[in-house]
Amino acid sequence: MSTVAVIDYGMGNLHSIVKALQHAAPEVDVVCVSDADTILGADRVVFPGVGAIRDCMQALKQSGLDAVIQQVANTKPLLGICLGMQALLTDSEENNGIQCLDVVAGHVVHFAEALTDGDGNALKIPHMGWNQVHQLHPHPLWENIPQDSRFYFVHSYYAQPDDAAAIAATTQYPNAFTCALAQDNVFAVQFHPEKSQAVGLQLLNNFLHWDGHV
Amino acid sequence: MSLAKRIIPCLDVDNGRVVKGVKFVDIRDAGDPVEIARRYDREGADEITFLDITATHDNRDTIVHVVEQVASEVFIPLTVGGGIRTLDDIRRMLNAGADKVGINSAAVFNPDFVREAAERFGSQCIVVAIDAKKVSSLGEPGRWEIFTHGGRKPTGIDAIAWAKKMVDYGAGEILLTSMDRDGTREGFDLPLTRAISEAVTVPVIASGGVGNLDHLADGVIEGKADAVLAASIFHFAEYTIEQAKQHMASRGIEVRL
């Protein structure tokens with residue numbers, strides 16, 4: 001039986017992601033852990049996160065999990081979700097600037113102020129709800145997910161990787177932003193697959209069967 | 001193509017059963033919340049909101065069990081409102097699998113509670129529920145005030161100013177209910193919805209008064225709502241969520257189909 005470790009670093013509720021992983025692939029053993037050995041011993045690792053980046057990085061540093069995640073990023077399939085994706089970049093402009101894990105070179109920035117949609121209505125921040133994910137390249141994690149499927153988002157910041165080759169998908173709000181990153185054995189998404197119904201479960205299932213190669 | 005407008009069915013839960021009253025009387029039993037949530041998920045609901053109207057404190061745990069059960073098999077966002085008064089109430093709901101909590105009266109009695117909640121759990125999970133009632137006379141520019149106790153107690157607080165204040169305090173979304181329209185099936189209070197939606201930077205969910213599918217579309221087109229919430233038209237299978245979405249799409253609204 002393969003195992004997937006969901007990293008628990010005290011940043012909120014992991015109930016949904018654990019249940020969704022179990023539902024997506026009942027044959028996989030899902031463990032929710034903060035212990036470095038268990039994380040490093042798992043076949044795959046999910047790095048979730050909600051809230052503010054300062055609290056997230058603080059919690060990771062205090063527990064020593066920052067180095068563990070960096071190590072995982074070099075060795076096995078890793079899936080970053082929402083704030084877990086943002087934390088993988090070099091730094092974020094949230095909370096007046098925070099250094100992040102630098103697994104993927106680039107920055108995390110806020111949606112520009114005073115954006116409007118096609119009808120001239122002010123765009124709401126956070127970007128909250130179901131938006132389309134446009135896949136840029138084939139990838140094992142996109143298998144059986146139709147192009148431009150809608151996933152559930154809730155965020156005010158987004159990733160800007162230095163290398164455009166790392167962009168796995170984009171979403172329009174109102175301009176295209178990076179909603180998924182792919183770099184070797186690392187995949188990261190701004191949306192919440194665990195809250196995106198059938199397509200979300202498909203993505204989790206794909207991850208749980210991914211060998212880390214593209 | 002862009003962000004879809006959301007349709008959110010709301011389940012009023014009393015002692016673990018879904019009920020729906022018309023103008024706060026004639027409460028009808030509409031069934032098992034877990035079963036109904038499953039059906040809404042199948043029909044394509046974008047989120048589900050549970051409003052706990054259980055009167056007695058002792059029976060509050062029933063909603064926690066409902067959320068736990070639903071969150072184990074329904075993978076869309078879940079919001080729980082009703083009786084959220086402390087940080088511990090919020091923690092319990094989030095741990096049970098809720099993604100957001102709705103804060104209503106507690107925000108009116110202690111606005112700082114919203115600030116504390118947003119700082120502790122993040123704005124993304126804090127929905128401030130606003131119950132507003134029109135206080136301007138016919139012919140006057142529209143003016144609405146906040147009411148508590150199911151629309152019975154006026155507070156003298158202006159609804160637009162209050163919505164802005166709640167966003168400043170960290171609300172990530174506003175659930176706006178017109179107490180004049182709730183349960184009437186006459187449609188949303190569109191001027192109120194539009195006034196609030198244009199006044200705040202966060203998404204606004206329109207609620208109160210939906211009686212047919214055009215009302216839902218009107219809430220988005222004329223009310224400028226980001227999401228529309230309804231209860232009774234879905235509970236008694238008058239319309240499915242899918243029909244509601246098809247209808248909104250036919251009026252040019254982007255929805256998740």
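Rule-based calculations on the coordinates, nothing more; no lab input. Source: prediction; values computed, not measured. Neighbour counts run over all protein chains shown; Cβ positions are idealised from the backbone, glycine included.
Here are some notes:
- Fraction of antiparallel bridges per DSSP, the protein assembly as shown only, in percent to nearest 5: 45 percent
- Relative packing of peptides B:160-169, A:142-151 - highest average C-beta neighbours within 10 Å first: B:160-169, A:142-151
- Using Cβ point charges alone (K and R +1, D and E -1), the dipole size of the range A:3-208 about the Cα centre works out to roughly 340 debye.
- Taking the Cα centre of the protein assembly as shown as origin and assigning +1 to Lys and Arg Cβ atoms and -1 to Asp and Glu Cβ atoms, the resulting dipole is close to 940 debye.
- For B:GLY31, the residues whose amide H sits under 5 Å from its own are B:VAL18, ignoring neighbours fewer than 5 places away on the same chain, with H placed 1.01 Å from N.
- For B:ASN104, residues with placed amide H under 5 Å, excluding near neighbours: B:GLY82, B:ILE84, B:ALA129
- Equivalent ellipsoid of the protein assembly as shown: semi-axes from √(5λ) of the C-alpha gyration tensor, largest first, are 37, 23, 22 Å.
- Euclidean distance of C-alpha centroids, the range B:149-209 and the range B:92-146, integer Å: 9 Å
- Per residue, the protein assembly as shown reaches -8500 deg cm²/dmol at 222 nm when only DSSP H runs of four or more residues are counted, each adding -39500 (n - 2.57).
- Extension reserve of the B:GLU68-B:ARG185 stretch, reckoned as 0.36 nm per residue once the Cα distance is removed: 39.0 nm
- Per-residue HN-Hα couplings for the range B:66-72 [Karplus 6.51, -1.76, 1.60; θ = phi - 60°; Hz; x = Gly/Pro]: 4, 4, 4, 5, 5, 5, 7
- Simple label model, 7 Å out from Cα along Cβ direction - B:SER136 to A:VAL33, nm: 6.1 nm
- Compactness of chain B, taken as the C-alpha radius of gyration over 2.2 N^0.38 Å, stands at 0.93.
- Rounded to the nearest Hz, the phi-derived 3J(HN,Hα) couplings of the range B:208-221 under the Karplus curve 6.51 cos²θ - 1.76 cosθ + 1.60 (θ = phi - 60°) are x, x, 5, x, 8, 6, 5, 4, 5, 5, 4, x, 7, 6, where x marks glycine and proline.
- Global dimensions of the range A:26-100 from alpha-carbon coordinates: Rg and Dmax equal 12.6, 43 Å.
- Rounded to whole numbers, the Karplus 3J(HN,Hα) couplings from phi for the range B:242-253 are 4, 4, 4, 5, 4, 5, 4, 4, 5, 9, x, 8 Hz, using 6.51 cos²θ - 1.76 cosθ + 1.60 with θ = phi - 60°, and x at Gly and Pro.
- Shielding by partners - mean other protein chain Cβ count within 10 Å, residues of B:194-206: 2
- Check: chain B dipole with +1 on Lys, Arg Cβ and -1 on Asp, Glu Cβ, in debye: 320 debye
- Amide H contacts of A:TYR173: none lie under 5 Å away among residues 5 or more positions distant or on a separate chain (H built 1.01 Å from N in the peptide plane; Pro and chain starts excluded).
- Overall shape of the range B:181-257 was characterised from the C-alpha gyration tensor. The equivalent ellipsoid obtained from it has semi-axes of 19, 15, 10 Å, in decreasing order.
- Nearest 10 degrees, 0 to 90: helix A:65-75 Cα axis against chain A principal axis: 80 degrees
- Applying a threshold of 18 Å to the alpha-carbon distances of B:LYS134/B:LYS245; B:LYS100/B:LYS153; A:LYS195/B:LYS164; A:LYS19/A:LYS195 flags B:LYS134/B:LYS245; B:LYS100/B:LYS153; A:LYS195/B:LYS164 as lying beyond it.
- With R₀ set to 51 Å, the beta-carbon distance separating B:GLU198 from A:THR75 gives a calculated FRET efficiency near 0.50.
- The simple Förster model, with R0 at 41 Å and r as the Cβ-Cβ distance, assigns A:HIS137 and B:ASN95 a FRET efficiency of 0.60.
- Inter-chain neighbour count for A:124-137: the average number of beta-carbon atoms from partner chains within 10 Å of each residue's beta-carbon is 5.
- Pairwise Cα distances in the range A:3-208 exceed 25 Å for 32 percent of all pairs.
- Qualifying trypsin sites (Lys or Arg not before Pro) in the range B:22-131, where qualification requires a DSSP coil assignment and no more than 16 other C-beta atoms within 10 Å, comprise B:LYS23, B:ARG85.
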